[in-house]
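*Asks:* One structure coming up, written as structure tokens, with questions to follow.
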Amino acid sequence: MSHKSRRETGLEMIKAVYAGDVEVPEKGLAFIDVMLEQLFAELWTRETLSMRDKRILLLGICLLYTSPS
């Protein structure tokens with residue numbers, strides 16, 4: 001997978017995950033580039049879990065780190 005296609009795949013997946021509600025900055029910010037090319041192009045496209053299950057897992061993680069100890 002080429003560098004360009006990984007970014008495009010990541011952009012498509014972030015739009016699918018967040019239903020188009022997230023505005024992605026232009027290329028050049030290192031964190032955003034890695035997030036798109038690794039997290040969204042590699043992890044979120046895996047078929048191990050359904051999109052629904054990935055979202056539920058993400059919600060659980062968010063709740064874990066935002067709930068009082």
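The values are calculated or read from the model by the stated rules, or taken from the named source; none is laboratory data. Everything numeric here is computed off the predicted structure, so don't read it as measured data. Every residue, glycine as well, gets a Cβ built from its backbone with ideal geometry; the counts of neighbours run over all protein chains shown. Surface areas here come from the heavy atoms of the whole protein model, side chains and all, with no ligands, DNA or RNA. Shrake-Rupley method; radii C 1.70, N 1.55, O 1.52, S 1.80 Å.
*Asks:* Can you give me the number of residues within segment 1-31 that are at negative phi, open to solvent by less than 70 Å² (accessible area, probe 1.4 Å) and over 10 Å from the mean Cα position of the chain (by Cα)?
*Replies:* Counting residues in segment 1-31 that are at negative phi, open to solvent by less than 70 Å² (accessible area, probe 1.4 Å) and over 10 Å from the mean Cα position of the chain (by Cα) gives 8.
*Asks:* Sticking with this structure for a sec: Scan segment 18-61 for residues that are assigned to a helix (DSSP H, G or I) and more than 22 Å from SER5 (Cα to Cα) and report the count.
*Replies:* 10
*Asks:* Residue under question is LEU64, and the condition is that it be part of a helix (DSSP H, G or I) and open to solvent by 80 Å² or more (accessible area, probe 1.4 Å); does it hold?
*Replies:* On the way: part of a helix (DSSP H, G or I): yes; open to solvent by 80 Å² or more (accessible area, probe 1.4 Å): yes.
Answer is yes for this residue.
*Asks:* Another question, if that's okay. Which members of segment 28-57 meet the condition of being closer than 16 Å to LYS15 by Cβ and of a type outside the set (Asp, Glu)?
*Replies:* Within segment 28-57, ILE32, MET35, LEU36, LEU39, PHE40, ALA41, LEU43, TRP44, THR45, MET51, LYS54, ARG55 meet the criteria.
*Asks:* With the checklist (1) within 10 Å of the chain's Cα centre (by Cα); (2) open to solvent by 70 Å² or more (accessible area, probe 1.4 Å) in hand, flag the one item ALA41 doesn't pass.
*Replies:* Among (1) within 10 Å of the chain's Cα centre (by Cα); (2) open to solvent by 70 Å² or more (accessible area, probe 1.4 Å), ALA41 violates only (2).
*Asks:* Which pairs turn up if I take residues in segment 21-33 that are at pLDDT 85 or above and look for partners that are open to solvent by 70 Å² or more (accessible area, probe 1.4 Å) with beta carbon separation below 7 Å, at least 6 apart in sequence or on another chain?
*Replies:* The qualifying pairs are ASP33/LYS27.
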